[in-house]
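These notes are about the structure you will find just below.
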Amino acid sequence: MPVFLVGCNVDDVSRLHQVLLLAGSEHAAAFRAVKHLRNVMRMQEGSRTRREADEHDVQPVLRRNDRLDTHLANKELCLEVGGGLRRADYVHASQFSSVSCTMAARSDCMSYPEPKYHGDSGEISAIYRPASQLPDLKVGMSEASYLIKGDATGGRFGLYRWDMAPGTPGAQPHFHRTMSESFFILSGQVGLYNGDRWTDAGPGDYLYVAEGGIHGFRNASDGPASMLILFSPGAPREGYFEGLAERALGKREFTPESFKAFYDAHDNIFVPG
């Protein structure tokens, strides 16, 4: 994970340098970066001018009491001064007592994940689904195509095509606690709800909904409509779709209590809207 430092002066950085020194080889790259940062800041305490520092590739130039926002991401040192970064996203240098307490996560500091494939030659593992393959399920006035299920992606995501007949009521406003959901319109007009208002979306339009985000969809138009729906991580949504299909066909009956339990089991929490 990235290491974040906020509001540091040279004494703070020197202390982190000692922490990393005691941590050993596991944090060797971070140790080298912090050592370089410490030396840069010490240099700025002397008589060097900003111009002289620039000639030594020191950016930005820092004085002892300057505020420093910096993170060590991907084992590389990045400096950000000013930049509107939120203090709550960081661990303050004065709190450093061990390497573990310097670890923090930030959504806007992205890095590549750890490798999952460790071979040298690659492998044949692609999954192809032709457009001619028939939909997997009819759900009321809609048809669902399981383009790739979550169990085929190691739980990373599930991708579905949703084809709706004219006047399909779709999904009323709801949210999910465990997964995000994305919508990409392929054809026709789809009503998308973002928790605040309904929008008539057309081909090429996209909606991303994070965990907890209220959303819904429908086809209130007089023509067919198609869209892609992506869930991340890849929850087993097929059971939810198939339960709805069985109910629409009269093959499965629900009491109000069992219907709520069914929704809860599939992380669908409906709200007024």
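Tabulated data
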| quantity | calculated |
| --- | --- |
| Sequence-distant residues sharing a close amide H with Met179 (under 5 Å, placed H) | Gly212 |
| Dimensions (Å) - the range 137-270, Cα atoms, principal axes, largest first | 35, 33, 29 |
| Amide H contacts under 5 Å for Ala201, placed H, 5+ residues apart | Val190, Gly191, Leu192 |
| Formal net charge of residues neighbouring Pro130 (Cβ-Cβ distance under 15 Å; K, R +1; D, E -1) | +1 |
| Karplus-derived 3J(HN,Hα), 6.51/-1.76/1.60, for each residue of the range 207-213, Hz, glycine and proline x | 9, 10, 10, 6, 3, x, x |
| Whether the range 210-267 is rounded, prolate or oblate, judged on the alpha carbon gyration tensor where a/c under 1.5 counts as rounded | oblate |
| Förster-model FRET efficiency, 25 Å R0, Asp200 and Asp136, C-beta, rounded to 0.05 | 0.35 |
| Residue-span extension gain [Ser121 to Thr153] - 0.36 nm each, minus C-alpha spacing | 9.5 nm |
| Per-residue ³J(HN,Hα) for the range 250-267, Karplus 6.51 cos²θ - 1.76 cosθ + 1.60, θ = phi - 60°, Hz, x for Gly and Pro | x, 8, 9, 10, 10, 8, x, 5, 6, 5, 5, 5, 4, 4, 4, 5, 9, 6 |
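We did not get these values from a lab; they are worked out from the coordinates using the rules stated. Keep in mind the model is a prediction, meaning the values are calculated, not measured. Counting neighbours? That spans all protein chains shown, and the Cβs are built from the backbone with ideal geometry, glycine included.
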